[in-house]
Amino acid sequence: MNALQNRVQLIGHVGKDPIIKEFESGKKLANLTLATNDVYVSKKGDQVEQTQWHNIVAWGKTAETIEKFVEKGKKIGITGKLTSRSYDDKEGNKRYVTEVVINELLLMK
């Protein structure tokens, strides 16, 4: 049952080129956005497409794979977990961010 706790699976298109950071230790971090689309029929009978944007984070070998093969518009599938964090912006305001940390990456055509 634990394998199903805090598990996210998404298939979508990368919104912009990933941002790759390399730390002094050599470990890499990739940040990207992923767009997923839902299509439904409204009460009026019109087909409506709704896009959701997701913040995605990858570490280590996965980040290296993203650096080599992933760019804006690329379709990918991911499995990961939701994480939340907060930080203080330049004006001192507390900001909250929810991200998906990738466990598995699938490059799609």
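What about Gly60, is it out of contact with any helix residue (DSSP H, G or I) (no Cβ under 7 Å at 6 or more places or on another chain), of a type outside the set (S, T, N, Q) and in contact (Cβ under 8 Å) with a residue 60 or more places away in the chain? First the steps, then the outcome.
Working: out of contact with any helix residue (DSSP H, G or I) (no Cβ under 7 Å at 6 or more places or on another chain): yes; of a type outside the set (S, T, N, Q): yes; in contact (Cβ under 8 Å) with a residue 60 or more places away in the chain: no.
Criteria not met by Gly60.
If I filter the stretch 6-25 down to residues being touching a residue at least 40 places away in the same chain (Cβ under 8 Å) and in a loop (DSSP other than H, G, I, E, B), which single residue comes out as farthest from Val70 (Cα to Cα)?
The qualifying residue farthest from Val70 (Cα to Cα) is Asn6.
Which condition breaks for Lys72 when tested against (1) closer than 23 Å to Asn6 by Cβ; (2) in contact with a strand residue (DSSP E or B) (Cβ under 6 Å, 6 or more places away or on another chain)?
(1)
Only one of Lys81, Lys72, Lys94 is touching a residue at least 60 places away in the same chain (Cβ under 8 Å) and out of contact with any helix residue (DSSP H, G or I) (no Cβ under 7 Å at 6 or more places or on another chain); which? If you could, list the steps in order and put the result at the bottom.
Working: Lys72 fails: touching a residue at least 60 places away in the same chain (Cβ under 8 Å); Lys94 fails: touching a residue at least 60 places away in the same chain (Cβ under 8 Å).
Unique residue meeting the criteria: Lys81.
Laboratory data are not the source of any read-out in this text; all were calculated from the coordinates shown. Small disclaimer: the values here were computed from a predicted structure and weren't measured. Note that we place each Cβ from the backbone using ideal geometry, even for glycine, and neighbour counts take in every protein chain shown.
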